[in-house]
Amino acid sequence: MVAMSATVAEESLRRLAKWLDAETYVSTHRPVELREHVVAPNGVYVKEGGGDLRWVCEAPSAVEAEIVTELVRQVYSRAHSSLVFCSSRSQCSSFAQKLCQALRGLNTTPGWEDAREECVQQLVAAAEGSPDPTLVECIRGGVAWHHAGLASAEKDVVEAGFRSGAILALTCTTTLAAGVNLPARRCVMLRGFIAGAATPSMAQYKQMAGRAGRKGQSDLGESFL
């Protein structure tokens, strides 16, 4: 039996291994590079190898929604995927609608309209003929949301659409980071999504940032907090 984790602390890992009478192997190797960024009022910073932050450029805007839209637009226009981690179900749906409006018409890859329409039809079936009309509109724009308010069958449709590339931008709650394997090119983490706190815990951050960049799916991963 092989047990793996990207977030268990080394001290806890060794204690667990002793209890199981198991061997431990620890590696920091990541097949796909992850570039971690922080977006602050005075600009965008990237994490250096030693952990220091280096200023890269001015922030795209002072408005959070506009910053998120620009970060997603940059990769959406090149047919790359994004995950946007939100603090609540309502924020998921509201940000998805804003993204849908802002990104409309940016990606015109042949065949994608058919793929998205097929995703819509699957959603109709999953929702027993009564899907959320706003979610349908978003999917036709290559955007969707994912949270506990969707039925299990509806979430399956959204996940499949994201994996296939029909859906390129997905707003979600933090439960997706730990429970669903949906890698993306870029992950954006909004402020105040853990009981109103300004930033997540280290374990929560690593779970979310770790969704960005997976071998065989992307040659680079990027996270923005």
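Of the solvent-accessible surface of the chain, computed with a 1.4 Å probe over protein heavy atoms with every protein chain present, carbon and sulfur atoms account for 51 percent. The listed residues V56, V44, V2 rank as V2, V56, V44 when sorted by accessible area, largest first, using a 1.4 Å probe.
Around the Cα centre of the chain, unit charges on the Cβ atoms of Lys, Arg, Asp and Glu (plus for the first two, minus for the last two) sum to a dipole of about 360 debye.
Mean-square fluctuations from a GNM of the chain, with a 10 angstrom spring cutoff on Cα atoms, peak among E159, E36, E118 at E118. With protein chains left intact and a 1.4 Å probe, residues in the chain average 55 Å² of accessible area per residue.
From the square roots a ≥ b ≥ c of the eigenvalues of the alpha-carbon gyration tensor of segment 80-160, which class results: rounded (a/c under 1.5), prolate (a/b over b/c), or oblate? Oblate.
When the Cα convex hull of the chain is projected onto planes of every orientation, the mean area is 14.0 nm².
When the square roots of the Cα gyration tensor eigenvalues are ordered a ≥ b ≥ c, the ratio a/c for segment 30-133 is 1.5 or more and a/b exceeds b/c, which makes its shape prolate. Taking E222, E70, E23 and ordering them by how much accessible surface each has at a 1.4 Å probe, largest first, produces E23, E70, E222. Relative to the longest principal axis of the Cα atoms of the chain, helix 64-76 runs at roughly 90 degrees.
The values are calculated or read from the model by the stated rules, or taken from the named source; none is laboratory data. Since the model is a prediction, treat every value here as computed from it, not as a measurement. Cβ atoms come from the backbone with ideal geometry, glycine included; neighbour counts cover every protein chain shown. Heads up: the accessible areas ignore ligands, DNA and RNA and are worked out on the full protein's heavy atoms, side chains in. Shrake-Rupley method; radii C 1.70, N 1.55, O 1.52, S 1.80 Å.
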